[in-house]
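A.B. asks: Before I ask anything, here is the structure I am working with.
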Amino acid sequence: MSTASTPGVVRDAADDPVKTGPSGGCRTRATGHRTDYLLYVAGKLGGAAVSLFAVLVTSFFLFRIIPGDPVKAMTHGKPTSVEQMATLRKQFGLDLPMWQQFTEYCAKALTGDLGTSYQFHAPVGELITEKLPATLLLTGVAVLIYSTLGLWLGTRSAWHHGGLGDRINTGVALTLWSVPSFWLGLLLIIVFSVGIGPIPGMFPSGGMESGNETGFAHVLDVAHHMVLPVVTLVAVGYAQTLLVMRSSLLDEMGSDYLTTARAKGLRDDLVRRRHAVPNALLPTVTMIFINLGHVAAGSILVETVFSWPGLGGLFYQALSVPDLPVVQGLFVVFAGAMILMNLLADLLYPLLDPRVGR
């Protein structure tokens, strides 16, 4: 009997037998899908590793073109002999050839050793660990608020596009998106910290705490100091989220599957929540994960304007010296957080859209 007449044989496009049995084809497809996904994951992990190496190279060479002598900055203009200057350069490895400095820097960075600060005379890792909680608190709260607000308003604006609410939301978002965050922060300080006209100064102009509170009063004090910097970050961040979500949902609204869902009698809010919004989420998910990467990076300008004791303020202090180990270490941490969040977004895509990764 020929193979073509044998029952239970599943064939591929080339008419070669693949699996026998009623479920052989399903098992083959499932195995193929798993293989495709594993290859997709491997490619993304390789890309992340290459990006991280590029960050190490960039962080080493980029900040060495900054004007200024770190050794002179460490002495703060104090009378220092040539021998003492040479000793400091040798101590921090600045007397070595550039290629040797680079190889030592990469080797230490891969083990988590980011060097010792010229300015603070402490390990860079300890400085980052000390400042990180303040940045996570500030930017974490801001990202949570403006992501939720932007998704909600962006969905409503797109679903009722052309209406009064859509025009108001879009106009406000475009205005806030074009406003520099540091300028908005300074404006809020003038209006709500210093006070202007009938508006009294209601919030602190900077810092994270007053320093004389304990217990629940301390929590309220920190929240009071957070109001203006969080409002600044939310005002700029929600505008971006709203506009991206609105644009993505508008692209989906003319699709045939939404017409079919309505023809089946589904209510308009169900069509929006179950069909339109999930398919419009991919670009917004990317942006949300990028914003989560900013949680570690914080906002250098906003933290500087409000004297917030986080990583952004530390980066500004180090850049003004320049304190190369701190600047390089923070650059690696900031970029590494972005790479990690982009990687997680890429790995999440196939779960949201099975067509991705095949």
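A.B. asks: How big is the accessible area of Ser248 in square angstrom, nearest 10, if you roll a 1.4 angstrom probe over the protein chains?
C.D. replies: 20 Å²
A.B. asks: Over the range 194-291, with every protein chain in place, what whole percent of the accessible area is carbon and sulfur at 1.4 Å, could you tell me? Present the calculation step by step, with values, prior to reporting the outcome.
C.D. replies: On the way: 3030 of 5090 Å².
Summing carbon and sulfur atoms, their accessible area is 59 percent of the total for the range 194-291.
A.B. asks: Report the calculated FRET efficiency for Phe216 and Ala42 (r = Cβ-Cβ distance, R0 = 45 Å), to the nearest 0.05. Don't skip to the answer; put the middle values down first.
C.D. replies: Values: r = 50 Å, r/R0 = 1.10.
Plugging the Cβ-Cβ distance into 1/(1 + (r/R0)^6) gives 0.35.
A.B. asks: Further question on the same structure: With the Cα gyration tensor of the range 183-275 giving a ≥ b ≥ c as the square roots of its eigenvalues, does the rule (a/c under 1.5 for rounded; else a/b larger than b/c for prolate; else oblate) give rounded, prolate or oblate? Could you put the intermediate results ahead of the total?
C.D. replies: Working: a/c = 4.19, a/b = 2.63, b/c = 1.59.
Prolate is the answer for the range 183-275, as a/c is 1.5 or above and a/b outweighs b/c.
A.B. asks: From largest accessible area down, sort Ser247, Ser59; use a 1.4 Å probe on the protein chains. Mind showing how you got there, number by number?
C.D. replies: On the way: Ser247 60, Ser59 0 Å².
Final ranking, largest accessible area leading: Ser247, Ser59.
A.B. asks: Any idea of Trp308's accessible area? Nearest 10 Å², probe 1.4 Å.
C.D. replies: 10 Å²
A.B. asks: I would also like to ask the following. Hey, can you find the accessible area per residue of the range 96-226 for me, probe 1.4 Å, expressed in square angstrom? Don't skip to the end; give the middle numbers.
C.D. replies: Numbers: 7520 Å² over 131 residues.
Dividing the accessible area of the range 96-226 by its residue count gives 57 Å².
A.B. asks: Let me ask another. Between Phe182 and Phe61, how high is the FRET efficiency from 1/(1 + (r/R0)^6) when r is the Cβ-Cβ distance and R₀ = 35 Å? Nearest 0.05. Walk me through the numbers before you get to the answer.
C.D. replies: On the way: r = 28 Å, r/R0 = 0.79.
That pair, Phe182 with Phe61, gives E of 0.80.
A.B. asks: Give me the one-decimal nm value for the distance between modelled label points at Met85 and Thr148, 7 Å along each residue's Cα-to-Cβ direction.
C.D. replies: Placing both labels 7 Å along Cα→Cβ, they lie 5.7 nm apart.
The values are calculated or read from the model by the stated rules, or taken from the named source; none is laboratory data. Bear in mind that the values here come from a model prediction, so they are computed numbers and not experimental data. Cβ coordinates were reconstructed from backbone atoms using ideal geometry, including for glycine residues, and neighbour counts include every protein chain displayed. Side chains included, ligands, DNA and RNA excluded: accessible areas come from the protein's heavy atoms. Shrake-Rupley method; radii C 1.70, N 1.55, O 1.52, S 1.80 Å.
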